[in-house]
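Please read the structure below before turning to the comments.
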Amino acid sequence: MPYAIVPGSFDPVTNGHLDIIERASRTFDHVTVAVVVNRAKSPMFTIQERVEMLREVCAHLSNVDVDSFDGLLVDYARSHGAGIIVRGLRAVSDFEYELQMALTNRRLLPDIETVFMMTGAEYSYLSSNIVREIALLGGSVEGLVPDSVKQHLRQKILLKQ
Ligand code: PNS
């Protein structure tokens, strides 16, 4: 049974992420979206908030669940019995980092396969960094993130002011 993990920071989840998650849910029997607890970065949203936003926007996908993990992705994959890691590729600039991660993960866990999905053309420029910056500077994120995420961004920025 192909069981895939879609890992990431998701700070916050964008429409580009959601496009990849929806396509993964159509491709694999079961998909876990796994949010990394990254101590090195200082995220805008807490891990609980990121998981909650993902659960809201994936609620229509019956074979998708959302979880978080701390530590190595391959350890999480092994302990959950997942054999596939799904990553979205936007531009050539993503390639070097993604190749490094895929090869590292395979070195750590030879059975794991990384599968890349090309982003939808309309999302090829989109990233969580861009969304955070636009929102923090008062711009519109309409069409870049799901509606529920727009509300979370609004609340977060009001709290900061
Ligand atoms: O959304 P991101 O920040 O590009 O996702 C990166 C992520 C979470 C996939 C990557 O940082 C990761 O797998 N972190 C867990 C730590 C790990 O396993 N590192 C070794 C592989 S490079």
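The values are calculated or read from the model by the stated rules, or taken from the named source; none is laboratory data. Everything numeric in this text was worked out from a predicted model, so none of it was measured. All Cβ positions, glycine included, derive from the backbone under ideal geometry; neighbour counts span all protein chains shown. Heavy atoms of the whole protein, side chains included, go into the accessibility calculation; ligands, DNA and RNA do not. Shrake-Rupley method; radii C 1.70, N 1.55, O 1.52, S 1.80 Å.
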Extended-chain gain in nm, criterion 0.36 nm per residue less alpha-carbon gap, R154 and S93: 18.9 nm
Accessible solvent surface per residue of the chain, calculated while the other protein chains remain in place, 1.4 angstrom probe, Å²: 55 Å²
Within a Gaussian network of the chain (alpha carbon springs, distance under 10 Å), most fluctuating of L54, L108, L144: L108
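Need one word for region 1-101: rounded, prolate or oblate. Basis is the Cα gyration tensor (sqrt eigenvalues a ≥ b ≥ c); a/c below 1.5 gives rounded, then a/b vs b/c decides. Mind dumping the intermediate values first?
Values: a/c = 1.19, a/b = 1.08, b/c = 1.11.
Rounded shape, in that the Cα axes give a/c under 1.5.
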Mind giving me the FRET efficiency for R78 and M117? R0 is 30 Å, r the Cβ-Cβ distance, nearest 0.05 is fine. 0.85
Can you list residues from other chains, or at least 5 along the same chain, whose modelled amide H is less than 5 Å from the amide H of I85? I5, E113, T114, V115
Show that you can apply the helix-only estimate: for the chain, add -39,500 (n - 2.57) for every DSSP H stretch of four or more residues, divide by all residues, and state [θ] at 222 nm to the nearest 500. -14000 deg cm²/dmol
Would you look at the GNM of the chain, springs on alpha carbons closer than 10 Å, and say which of D70, D94, D29 moves the most? D94
Report in % the part of the accessible area of the chain that belongs to carbon and sulfur, leaving out ligands and nucleic acids; probe 1.4 Å. 54 percent
Using DSSP to call loops (not H, G, I, E or B), can you name the GluC sites (Glu not before Pro) in region 94-161 whose Cβ has at most 15 other Cβ atoms within 10 angstrom? E142
